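Student: Handing you this structure, nothing more for now.
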Amino acid sequence: MTAKQKNMVIEEITKATLNTLGAITTMLQDSLAAINSIIEESPSPEPAPRHTPELMTPTQAAAFLQVSRGTLANRTKSHDIPCVKLGNHTYRYRRSELIEFTTRGKDLTDQELRRKYSS
C-alpha cells in the first residue's frame, strides 16, 4: 500500500468517524431535550411531612398543642396535661397521650385526668 492509499483510507475513516459522532451528538441532544421536557412538566414534589417524635420536649409539645409554653407549664402543674417527669424540673410529653388528651380529654373532668395520668 502506497502512502497516498494510506492517506485516502485515513481520510475515509476520519469522515466516517465524524459522521458517526455527529449522529451520536444529535441523538444525545434529542434525548436531553426530551428529559428536560419531562422534568418541566412534572409536578413539584410535596414537602415531606415533618415527623413528630413520640417523646416531646415542652417546646415541641406546646407547638403540637398550639398553646404557649406558659399555658403548657400551668396545665402540666395542675395535672391537666399528661406528662412524664424525668427529674425535678424535667418534663416530657408522649405524642400518643397528647393526641388522646385532645380527642378524649374534653369529656373527662380534671380529677379523672389526674387519676388517669398520675402514673
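Read-outs: derived from the displayed coordinates by stated rules, not from any lab. The structure presented is a predicted model; accordingly, all values stated were derived computationally and were not measured. Here the Cβ is made from the backbone with ideal geometry for all residues, glycine too, and neighbour counts use every protein chain on show.
Student: Work from the charge dipole of segment 1-41 (Cβ charges, +1 for Lys and Arg, -1 for Asp and Glu, about the Cα centre) and give the residue of 9, 19, 37 farthest towards its positive end.
Tutor: Toward the positive end, the furthest listed residue is 9.
Student: Dividing the convex hull volume of the Cα atoms of segment 4-87 by its residue count, what figure in Å³ per residue is obtained? Display every interim value, and only then the final one.
Tutor: Working: hull volume 15.9 nm³, N = 84.
Looking at segment 4-87, the number lands at 190 Å³ per residue.
Student: Please list, or write none, the lysines whose alpha carbon is within less than 16 Å of the alpha carbon of residue 15, excluding same-chain residues fewer than 8 places away.
Tutor: Hits, sequence-local ones excluded: 6.
Student: How many percent of all Cα-Cα pairs in segment 1-41 sit more than 11 Å apart? Can you show the working numbers first?
Tutor: Numbers: 560 of 820 pairs.
In whole percent, the share of Cα-Cα pairs in segment 1-41 beyond 11 Å is 68.
Student: If packing is taken as the average number of other Cβ atoms within 10 Å across a peptide's residues, how do 55-61, 1-7, 74-80 rank, most packed first?
Tutor: 55-61, 74-80, 1-7
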